[in-house]
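See structure below.
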Amino acid sequence: GPGGDGEGEFTDGKVVIGVLNDQSGVYKDLSGPNSVIAVEMAVADYEEEYGDDAVIPEIEVIDADHQNKPDVANTKAQEMYERQGADIILDVPTSSAALAVADQANSHKKLHFNIGAATTELTGAQCNPYTFHYAYDTYQLANGTGKTVTENGDTNWQIIYPDYAFGQDMDKSFTAAIEAAGGTVGGHIATPFPNDNFATFLTKAAAEKPDVIGTMQAGGDLINLVKQYGQAGLADQGISLAVGLMFITDIHSLGVEPFKGVTFTDAWYWDMDDESRAWADEFMEETGGRPSFAHAANYSAAKQYLEAVQQEGSDDADTVVGHLEGKEVDDVFLRDGKFRAEDHRVIHDVYLAKVKDAADVTEEWDYEEIVSTIPAAEAFRPVEDSIAAGCNLGD
Amino acid sequence: MSTHTAHSDATTAPGPSGVERVTHATGRSWRHLALLAAGLVLALALPRIIYPPVAMDIAAWALFAVALDLLLGFGGLLSFGHAAFWGGSAYVTGLVAINYGLPFPLAVLVGAVAAMLLALPIGYLSVRSTGIYFAMVTLAFAQMIYFIANQWNDVTGGENGLQSVPTNFFGIEAVETDSFWFYYAALPMIILGMWIAWRVVHSPFGRVLVATRDNAPRARALGYNVEGYRITVFVISAGLAGLAGGLFAISHGFVSLQEVIWNTSGKVVLITVLGGIGTLWGGILGAIVIVVLEDQLASSGFEGIGIITGTVFVVVVLLFRRGIWGTVADFLARRKGREVEGDDVGIADEEHQP
Amino acid sequence: MNSVLQYTIQGLATGSFYAIAALGLAIIFGVLGVVNFAHGACYMLGAVVAAVLLDVIGLNFWAALIVVPILLFIFGVILERGLVRWLLQLDPLYNFLLTFGLSLFLVDLIKRQYGVSGLPYTIPDVLTGQIIMGSLRLPTYHVFVFVASLLVCLAVWMLMTRTRLGMIVRAATERSELTRALGIDVGRWVTPVFGFGIALAGLAGVLAAPMRAITADMGSSFIIILFAVVVIGGLGSIVGAVVAGFLVGLVEAFGQAYAPTFSQVAIFVLMALVILFKPNGLFGREESA
Amino acid sequence: MNAAEHHDAPQQGERSTGQTVALSAKGLSKDFRGFRAVNNVDLDVVEGQIHALVGPNGAGKTTLFNLLTGYIKPTSGTITVHGKDITGREPEQIAHEGVARSFQITSLFDNLTPREHVELGLQGMAGGGMRFWRSDKQLRQYRERADQLVDEVGLSALADRPAGELAYGQKRALEMALVISLDPTVLLLDEPTAGMGREDVDRTIELVQQIAKGRTVVFVDHNMHVVGSLAHHVTVLMAGEVLARGTYETVRADQRVINAYLGEESNA
Amino acid sequence: MLEITGLQAFYGEAQALHGVDLRVDEGEVVTLVGRNGAGKTTLLRSIMGLHRDVRGSITLNGAEITTLASHKRARQGLGWVQDDRGIYASLTVEENLTLPTVTHPDSAWSLSEVYEAFPVLADRRRAPGTTLSGGEQQMLAVARVLLTGARLLLMDEPSEGLAPVIVQQIRDILLRVKEQGTTVLLVEQNVKFASTVADRHYVLAEGAVAANLDNSEFTQRQDELLTYLGM
Ligand SMILES: Nc1ncnc2c1ncn2[C@@H]1O[C@H](COP(=O)(O)OP(=O)(O)OP(=O)(O)O)[C@@H](O)[C@H]1O
Ligand SMILES: Nc1ncnc2c1ncn2[C@@H]1O[C@H](COP(=O)(O)OP(=O)(O)OP(=O)(O)O)[C@@H](O)[C@H]1O
Ligand SMILES: [Mg+2]
Ligand SMILES: [Mg+2]
């Protein structure tokens, strides 16, 4: 390839990858310190793969804890770009922090691949030439779960959502997806956020006798809701539960019992095929646990970035963006992946998953059963909609 | 407090502050001048020593802490809900900057005024109680503001926050794009805020304020409308907190829910206590320590910043109640063999009179 | 109609946690004059310890109801001896600040130790399922929590008002020096009372474990609601804490049912109204002039 | 209501001589959770007079003071100062009507010196405490008058010590200075000599006499010596109601008063 | 019974007692007089173990108690009536009365005896302690210490702020207590009151004992004392 011929152009003689995420708060398990390890694995793999052919003289991985505080994220991102010479910042869960970092990327003309945040703003009104949205987003979650569950026969929905930006977004996306698939949403129940008491809301939803209750809660709120769903005995009444946003780490911490039969969309699952399992084994050696989709995505993002730099022989952001736009890739995380040029959404196959029965769990972290694969082309928001939402990278 | 033991004619509600005696010092003015000079030098040099955005954070938090100390150290009222004003102003500042493109000093002033308007009803309801009651009530009201900010999506951006708040400064590009120069453009407003706090403390109002702190019923008998004084200082303090919060919003270019959450109220209390309650300027030192500490911890890979800040809090309250400023002033006073009596800094270890 | 009943039971179940924990807060305040900011963290510890003990030594729910409060009692004793005691003579705001720092510490310690995604917890089969009356389905566990907490509150109230111990405890609170001079060894009582208050928070935590996410943060917003509860009830009033606890539970449940977006704000509006008309809370003592 | 019967006689007489009433209460009552501490009390204090309020412990004297000065709100009844209705007003508003009070239990600002206390009192009446934009050097204008008052109560040697360090008697003296600093037209003194030695008591009597010139004074005291030397007029309270009123001599001869209050001391 | 030698007491750097020597024998009623600020309260608090910044020696029944904790002193028979009465707001009147540990059951008054002596207290037994008037609280404070059966009463100005009838009542009670053989150390400003109940008088001036007078001397030299001491 073009990168094979030795020295390239590097701003300060090296490539610096910053991992900025939550190392102490609610996203610590989902991404956190293990994302840093995943990125380091990608660097090692790159070095191993290219050996002497590697054009990058030196790769440094730095990280910081943004504590889910956007102001910390903002300052840290600025510091990474300005002082520590970061060429790219990865991960950044929490929407507000992600948007702040995207802004910094734009003004510093450096890269940001967002993995941890779900907001479609990143590919909508707030999209910018230096930011790619990598793993998942609210549209994709709704589309996956809402559409597939409806098509599988549970057509009468009640949606319980937390009344803030994320939840409202999810409610809209779900409703659209459900209705497109021929289902109906009988009720939209907004709940406070954060909240630990869902009994009343569940009672209200159940009173309408739906086939399925869709919950858009996340994190601790989700666990509260799931426990109280169990206590209310709704499963016995034939009302199942679909979850908007759930991570394997949630199941891991609570066990499969409370989540029995719950369906949700996952961007990736470690045990979905041999390739993923092989990488998950490596990851396990490093960390002692199985990777979440975010860990795999961080690995993939770092890998794809280094690959692009290798190909171009330069860490110049515009060059790398130019290289990536429209590129189609396949790796352990990105299946049938593509860096969309129009809105910088990175699309790939995603999966409708069901939580396994306790009896079927054979080992730790063996929690999901892939019900179906949602092809990349259908999984994410169409380009037109991104543009309609205000994204304009067309210059 | 007074509800707990309501048994005497004088249900006093001493704040944790105490011996702050607003002295009419003579001959000590050279010391004050030296201190002032040192402070100015530090303020000017800060962005050269510390990463400029962090220096700006320090300045904003320092003003925030001074605002809180005005209320706590001199009014004897511990507000655990000051984030409502810092954050409330931040949102208003952000909205004004985004929608009207005002130069940032103007936007910040609008934010500060908004914080004062917000402080009126909250203050009106809160100053009916004192001591711990006051702390809890303000905390609860701030939480209410938080819920509103969270839910009022269309205006506040909810969870995503207000993004892309512009820094307009009469077209001077260095200030608008470089955080180093922005610091110097914002500094006069910080200093203005601190000067206001100083003015208030050393005014007839300040004198009465301290009296209402020490013995409210008695102040009433002297014809002072205690609630009026408390509301006034509450509103002034909120305005200064708003000034700080607005600058913070501009310097970061966005506003998020983080600005109104209760941890922010807790953080400013920590800074104030660490610096020294009733010292007015202690908050500056407190802000330097805490902001730098958190900044370092964020990149240190240490998970669980609360373990450190919590420990700092506990240790300060247990062992250095006078805070950094108070402890140092105390030490200097002792070394000079002066009586500590009538010192103009520090918080009291006075016995709490039940 | 049915749903009104259902909401009532749900409100009372939620109120149970508030009532028991607020009771502990009120007793500690009553005796030591300390408002324990770490009370939310202690509630969290109650749930976390229950979950950890279930995981590690298989301690079941019934045993946890006894063992965990005892452990928290011991924790409270250590806390009082080691920290709180040194500030008792000073303005109560100092202990408020101390316990605030402590709660930051505890929350992040648990996060570090047990992660952030929550811990699993299971309860005995007797308490699962629903009590079905006609078309009404009440989760058995909700009913259990309500009844249990009512009994606990009653017992504590009797202890504080009807026994000599309660009397000593109240006296020591108010004038510890004089109480000593009246021949009573005050120091002996302060510590156990503090421990007892913490144990109540822990008990609330154990009761919450089966229906709440057991995370390090579970006490963070809880404590603020708890403050609203004691402000509404009247700080230091034992009856006030209990009544306001259940009241807030009901406000929350009905708020969620009829104005969900404002259900949390409703609690604070209630609080604002109370301090507007009764600055010392519903059961607070009238201040003498 | 029997209080009404035996009160009108002397009052009517005074009124007819053209004296005006400075402070007046009509049908004043206060309940504390069902306990009636002050019951339907009528009180007229004639301008320029020194009026003593005596009665057994718990008769309701302090409560009455608190009602008159707005620290507690009456359950029923009205209060007027110089003909102006002040019922339900806040203490500070009543202070601005020219009514000043001292406290039975000393109530000072522990961190302020006697001089600062008095300055604060002077400013309270002059207004201007709200001026947070001015320098506190403003308060210097009161310095001279403050020093004078501090001297009058014999505290000039201690003018710069924090009040918290004063002995009890000294605090009582400062309490007086503070009350005078308000330059009130009506003064309410709650046991001004309680806990004082004889010398201090006599000085206080003198002081009260001196400041009473041109003012109206109401005071509570158990020291009959003080009551006898000061009061023009005495009202005896008993269980929240007016038991008797009149001059010191008439009251001390009243058999009901002897039984209920004075006991054998009246013969001593 | 009580013997104090060379007692010094300090408030920080300030010294309130400058070497007090004093003894009270079993069954005696002794007053402590002196102008405001002479150190009377400080002395009582030091005996009770509530003021601990002291030097010198205090013995009770021959045993050294200078460093003993105050609740232990109370159990050895010291009873204290403090100058600001010390009534509990959070306890009812009756609870205020029954709170103290009964240390000497044989000399202790019973609740009904107390209620007989102070009918007001019986009327308001269920009321919170501090809702009583100043004088009622004083009675409550005196009554409370009688219930413990303390052998040596330390009373700080029990007649202060009391109506004359009540003062007489308190005096009667003191005389009754004296008859029962209880020892009393009384701080008093009211000279007449002091001379009618006490056997002996210590005059305290500037933190030291200036004179030790018996009752007749005290009455004789009353005027001289009054002017000299400014009482
Ligand atoms: N807390 C204190 N701090 C400093 N000095 C004190 C304190 N309490 C008392 N003093 C001083 O100690 C001395 C003795 O005071 P004490 O209260 O014992 O006098 P007393 O004889 O009881 O007076 P009184 O008749 O006014 O009650 C006084 O000079 C007083 O100023
Ligand atoms: N806040 C209160 N709550 C309940 N009862 C009260 C309150 N304040 C006073 N009382 C009651 O009202 C009655 C009158 O009390 P007050 O203090 O006015 O008496 P006083 O005449 O001033 O007596 P003293 O001469 O002993 O000070 C007393 O019986 C007292 O118990
Ligand atoms: Mg009185
Ligand atoms: Mg004394």
Legend entry - Residue mean of other protein chain beta carbons inside 10 Å, A:224-232: 6
Inset, instruction - Set the Förster distance to 22 Å, then compute FRET efficiency between E:Q222 and E:E179 from the Cβ-Cβ distance, nearest 0.05. - result: 0.30
Legend entry - Bins of 10 Å, starting at 0 and running to the largest distance - Cα pair percent for the protein assembly as shown: 1, 8, 14, 18, 18, 14, 10, 8, 5, 3, 1, 0, 0
Legend entry - Shape metrics for the range C:1-41, restricted to C-alpha atoms - Rg then Dmax, Å: 14.3, 45
Inset, instruction - With everything on Cα atoms, drop me the angle between helix E:164-179 and the longest principal axis of chain E, reported from 0 to 90° to the nearest 10. - result: 80
Legend entry - Rounded accessible area of E:R200 (nearest 10 Å², 1.4 Å probe): 40
Legend entry - Share antiparallel - DSSP beta bridges, the range E:2-229, percent rounded to 5: 60
Inset, instruction - Would you mind checking which residues have amide H under 5 Å from A:V61's amide H? H placed 1.01 Å from N; only 5 or more apart, or other chain. - result: A:I17
Legend entry - Segments E:51-61, E:144-154 sorted - mean Cβ within 10 Å per residue, highest first: E:144-154, E:51-61
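If you count only protein heavy atoms with a 1.4 Å probe, what accessible area per residue comes out for the range C:128-215, rounded to a whole Å²?
33
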Inset, instruction - Name the long-range amide H neighbours of D:F103: under 5 Å, sequence gap of 5 or more, or other chain; modelled H, no Pro or chain starts. - result: D:D190
Legend entry - Reciprocal of mean inverse Cα separation for chain C (Kirkwood radius, Å): 19.4
Inset, instruction - Just name one of B:F313, B:T156, B:A67: the one whose Cα is farthest towards the positive end of the charge dipole of chain B (beta-carbon charges, Lys/Arg +1, Asp/Glu -1). - result: B:A67
Legend entry - the range D:108-183: radius of gyration over Cα atoms, expressed as a fraction of 2.2 N^0.38 Å: 1.04
Inset, instruction - May I have the extent of the alpha carbons of the range E:1-82 along their three principal axes, as whole Å values ordered from largest to smallest? - result: 32, 25, 23
Legend entry - Under 13 Å from D:K73, Cα to Cα: aspartates and glutamates that are on another chain or at least 8 residues apart: C:E286, C:E287, D:D31, D:E90
Legend entry - Cα-derived Rg over Rh, computed across chain A with Rh taken as Kirkwood radius: 0.98
Inset, instruction - Run the dipole for the protein assembly as shown about the Cα centre, Lys and Arg Cβ at +1, Asp and Glu Cβ at -1, nothing else charged, and hand back the magnitude in debye, nearest 20. - result: 7480
Inset, instruction - Ignore the peptide's own chain and count Cβ atoms of other chains within 10 Å of each Cβ in E:181-194; give me the average, rounded. - result: 1
Legend entry - Per-residue [θ]222 nm for chain E (sum of -39500 (n - 2.57) over DSSP H runs n ≥ 4, rounded to 500): -10000 deg cm²/dmol
Legend entry - Percent of alpha-carbon pairs separated by more than 40 Å within chain B: 10
Inset, instruction - With 5 Å bins from zero, work out the P(r) of the range B:64-191 over every alpha carbon pair and list the percent per bin. - result: 2, 10, 17, 20, 17, 14, 11, 6, 2, 0
Inset, instruction - Taking the dipole about the Cα centre of chain C, with the C-beta of Lys and Arg at +1 and of Asp and Glu at -1, give me whichever of C:A38, C:I232, C:L71 is farthest to the positive side. - result: C:L71
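To one decimal place, what orientation-averaged projected area in nm² is obtained for the convex hull of the Cα set of the range A:260-353?
Mean shadow area of the hull around the Cα atoms is 7.3 nm².
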Inset, instruction - Could you size up the charge dipole of the range B:166-266 around its Cα centre, putting +1 on the beta carbon of Lys and Arg and -1 on that of Asp and Glu, and report it in debye to the nearest 20? - result: 760
Legend entry - Normalised contact order of chain A, rounded percent, pairs of Cα under 8 Å and 6 or more residues apart: 19
Inset, instruction - Would you kindly work out the equivalent ellipsoid of the range C:133-289 from its C-alpha gyration tensor and give its semi-axes, the square roots of five times the eigenvalues, largest first in whole Å? - result: 32, 21, 15
Legend entry - Residue-averaged [θ]222 nm for chain C, counting only DSSP H segments that reach four residues, each worth -39500 (n - 2.57): -24500 deg cm²/dmol
Legend entry - Debye intensity ratio I(q)/I(0), log10, the range E:2-229, q values 0.15 Å⁻¹ (C-alpha model): -1.00
Legend entry - Alpha-carbon centroids, the range E:1-78 and the range B:158-192: separation in whole Å: 68
Legend entry - Using distinct alpha-carbon pairs, which all enter the 1/r mean, Kirkwood radius of the range E:64-166 in Å: 13.9
Inset, instruction - Round to the nearest 10 and give me the degree value, 0 to 90, for the angle of helix A:274-287's Cα axis relative to the longest principal axis of chain A. - result: 80
Inset, instruction - Please tell me the relative contact order of chain B in percent, rounded to the nearest whole number, where contacts are Cα pairs under 8 Å and at least six residues apart. - result: 32
Legend entry - Dipole of the protein assembly as shown, positive direction: furthest Cα of A:A317, E:T41, C:N2, with charges on the beta-carbon: E:T41
Inset, instruction - Give the Rg/Rh ratio for the range D:165-227, taking Rg as the radius of gyration of the Cα atoms and Rh as the Kirkwood radius, to two decimals. - result: 0.94
Inset, instruction - Give me the accessible area of D:D85, 1.4 Å probe, in Å² rounded to the nearest 10. - result: 80
Inset, instruction - Report the dimensions of the range B:120-271 along its three principal axes from the alpha-carbon atoms, largest first, rounded to Å. - result: 56, 35, 25
Legend entry - Label-point gap, in nm, between B:Q296 and E:E206 - each point 7 angstrom along Cα→Cβ: 5.8
Inset, instruction - Would you mind computing, in nm to one decimal, how far apart the modelled labels at C:R162 and A:D45 are, each placed 7 Å from Cα along Cα→Cβ? - result: 7.0
Legend entry - Computed [θ] at 222 nm, helices only, for chain A once each DSSP H run of length n ≥ 4 contributes -39500 (n - 2.57): -11500 deg cm²/dmol
Legend entry - Amide proton proximity set for A:D163, modelled H, under 5 Å, gap of 5+: A:T191, A:F193
Inset, instruction - With θ set to phi - 60°, apply the Karplus curve 6.51 cos²θ - 1.76 cosθ + 1.60 along the range A:107-123 and write out the HN-Hα couplings as whole Hz, x wherever there is a Gly or Pro. - result: 6, 8, 6, 10, 7, 9, 9, 8, 10, x, 9, 9, 6, 6, 4, 5, 10
Legend entry - Within straight-line cross-link reach of B:K267, lysines at Cα separation under 16 Å, skipping those fewer than 8 residues along the same chain: A:K69
Inset, instruction - Enumerate the calculated ³J(HN,Hα) couplings along the range D:81-93 in order (Karplus 6.51 cos²θ - 1.76 cosθ + 1.60, θ = phi - 60°), each rounded to whole Hz, writing x wherever the residue is Gly or Pro. - result: 10, 6, x, 9, 6, 10, 4, x, 6, 7, x, 5, 5
Inset, instruction - Report the charge-dipole magnitude of chain E in Debye, nearest 20, computed about the Cα centre from +1 at each Lys and Arg Cβ and -1 at each Asp and Glu Cβ. - result: 480
Inset, instruction - Report the far tail of the P(r) of the range E:112-204, meaning the percent of Cα-Cα pairs longer than 16 Å. - result: 53
Inset, instruction - Please work out the ratio of the alpha-carbon Rg of the range B:260-339 to 2.2 N^0.38 Å and round it to two decimals. - result: 1.21
Legend entry - Inverse of mean 1/r across different Cα pairs in the range C:1-76, Kirkwood, Å: 14.1
Legend entry - Label point distance in nm, A:K109-E:E116, each placed 7 Å from Cα along Cα→Cβ: 10.3
Inset, instruction - Over chain C, calculate the relative contact order: mean separation of alpha carbon pairs under 8 Å at least 6 apart, over the residue count, as a percent. - result: 39
Inset, instruction - Kindly flag which residue pairs out of A:K204/A:K260; A:K303/A:K356; A:K172/A:K209; D:K61/D:K213 have an alpha-carbon separation exceeding 26 Å in this structure. - result: A:K303/A:K356
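The values are calculated or read from the model by the stated rules, or taken from the named source; none is laboratory data. Remember, it's a predicted structure, so these values are computed and weren't measured experimentally. Here Cβ is always computed from backbone atoms with ideal geometry, including for glycine, and neighbour counts include all displayed protein chains. Heavy atoms of the whole protein, side chains included, go into the accessibility calculation; ligands, DNA and RNA do not. Shrake-Rupley method; radii C 1.70, N 1.55, O 1.52, S 1.80 Å.
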